[in-house]
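The values are calculated or read from the model by the stated rules, or taken from the named source; none is laboratory data. Predicted model, so just to flag it, every value in this text is computed and none were measured. Virtual Cβ from ideal backbone geometry, glycine too; neighbours counted across all protein chains shown. SASA here: full protein model, heavy atoms, side chains in, ligands and nucleic acids out. Shrake-Rupley method; radii C 1.70, N 1.55, O 1.52, S 1.80 Å.
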Amino acid sequence: MSVSVAFPYKLVATDLDGTLLRDDHTVSERTREALAAVTAAGAAHIIVTGRAVPWTRHILDDLGYDGLAVCGQGAQVYHAGEHKLLTSLTLDRQLAGLALSKIEAEVGPLALAASRDGLEGEVLVGPGYQVQEGPLPALFVDDPAEMWAAPLNKVYIQHPELGDDALTKAARQAVGSLVDVVMAGPGVVEILPLGLSKATGLSLAARRLGLKAADTLAFGDMPNDIPMFGWAQHGVAMANAHDDLKAVAHEITASNEHDGIAVVLEELLRTATRA
């Protein structure tokens, strides 16, 4: 698809898992073509993901993506073309440890994993933490103390009985204003630096391109996308999105399995062409 029209948004921000990626972790040809048409029409595309750079880089390389990406729930701004980490925010490990003790005082023992900072930062997985199947590398450690030996972007928590929503709610109530807690996907509840969100990371990346919130169309599927929707001019939730995100979305599109991003972009391109 090739167009010579002015796309109504200067920036298209897309989450990865459950949004841009299908359930088999690929991007459909239709969605690739729609994004290519949008960028040909003058818009920038920024991927905004909860994954840290080491868990994102292979996807960006496969897409031939050479622009900016916001990774680690906003902690990292990464230049895919240069394979360079431009900004990175780390979690205060002392505060994180205090937050965990407060959560465990309320709900009992947690299983933990942690994402180390940097381009090569490992994801360390402690005893009892259930890692989702897939191609992402993880380093299993027997001694949880190893997780705290180097700077971290975030800590993952799991509970043997509580579901994602219940654990997120209980954790938020327990930690107060020490840290932030978000649900980023099925089985993925994270402890982050206070005030960090996809919106903060996206605003930094957009500023580097001379773009603003008013220029931005955003796509997502999980509660961690809520701040991004609050920042962007227009937020589009996938059909498979969490109800909390659908509640604040301006629009709901088809699912990630049915090219929901392409559905919206193609209609905007048609409208721009008719105008």
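Restricting to region 119-136, count the residues that are in contact (Cβ under 8 Å) with a residue 40 or more places away in the chain and open to solvent by less than 40 Å² (accessible area, probe 1.4 Å).
Final tally of qualifying residues: 2.
Where the second residue is basic (Lys, Arg) and the first is within 19 Å of Phe219 (Cβ to Cβ) and lies in region 44-66, which pairs have Cβ atoms under 8 Å and are six or more apart or on separate chains?
From residues that are within 19 Å of Phe219 (Cβ to Cβ), the pairs are Ala44/Lys10; Val48/Lys198; Gly50/Lys198; Leu63/Arg32.
Table: residues versus (1) among the hydrophobic types (A, V, I, L, M, F, W, C); (2) touching a strand residue (DSSP E or B) at 6+ places or on another chain (Cβ under 6 Å); (3) under 24 Å from Leu21 (Cα atoms).
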site: Leu89; (1), (2), (3): yes, no, no
site: Ser101; (1), (2), (3): no, no, no
site: Val107; (1), (2), (3): yes, no, no
site: Tyr129; (1), (2), (3): no, yes, no
site: Gln132; (1), (2), (3): no, no, yes
site: Val141; (1), (2), (3): yes, yes, no
site: Leu152; (1), (2), (3): yes, yes, no
site: Tyr156; (1), (2), (3): no, yes, yes
site: Pro160; (1), (2), (3): no, no, no
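Tell me, yes or no, whether region 201-210 has at least one residue that is modelled with pLDDT of 95 or more, of a type in the set (A, V, I, L, M) and farther than 28 Å from Ala254 by Cα.
Yes: region 201-210 contains one or more residues that are modelled with pLDDT of 95 or more, of a type in the set (A, V, I, L, M) and farther than 28 Å from Ala254 by Cα.
Is it fair to say Gly201 is open to solvent by 20 Å² or more (accessible area, probe 1.4 Å) and either in a helix (DSSP H, G or I) or without any contact (Cβ under 8 Å) to a residue 60 or more places away in the chain (or both)?
No.
Could you list all residues from region 137-172 that are assigned to a loop (DSSP other than H, G, I, E, B), exposed (fewer than 15 other Cβ atoms within 10 Å of the Cβ) and aliphatic (A, V, I, L, M)?
Ala149, the sole residue that qualifies.
Based on this model, can you work out whether Thr19 counts as touching a Lys or Arg at 6+ places or on another chain (Cβ under 9 Å), buried (at least 16 other Cβ atoms within 10 Å of the Cβ) and of a type in the set (S, T, N, Q)?
no
Which residues, counting only those in region 237-275, are of a type in the set (Asp, Glu), open to solvent by 60 Å² or more (accessible area, probe 1.4 Å) and either more than 24 Å from Pro223 (Cβ to Cβ) or not in a helix (DSSP H, G or I) (or both)?
Result: Glu251, Glu267.
Specify the residue that is farthest from Tyr156 (Cα to Cα); the eligible residues are those in region 45-99 that are of a type in the set (Phe, Trp, Tyr) and open to solvent by 10 Å² or more (accessible area, probe 1.4 Å).
Tyr65
Go through the residues of region 34-41 one by one and say whether even a single one is open to solvent by less than 30 Å² (accessible area, probe 1.4 Å), part of a helix (DSSP H, G or I), within 19 Å of Thr253 (Cα to Cα) and in contact with a Lys or Arg (Cβ under 7 Å, 6 or more places away or on another chain).
Checking region 34-41: not a single residue is open to solvent by less than 30 Å² (accessible area, probe 1.4 Å), part of a helix (DSSP H, G or I), within 19 Å of Thr253 (Cα to Cα) and in contact with a Lys or Arg (Cβ under 7 Å, 6 or more places away or on another chain).
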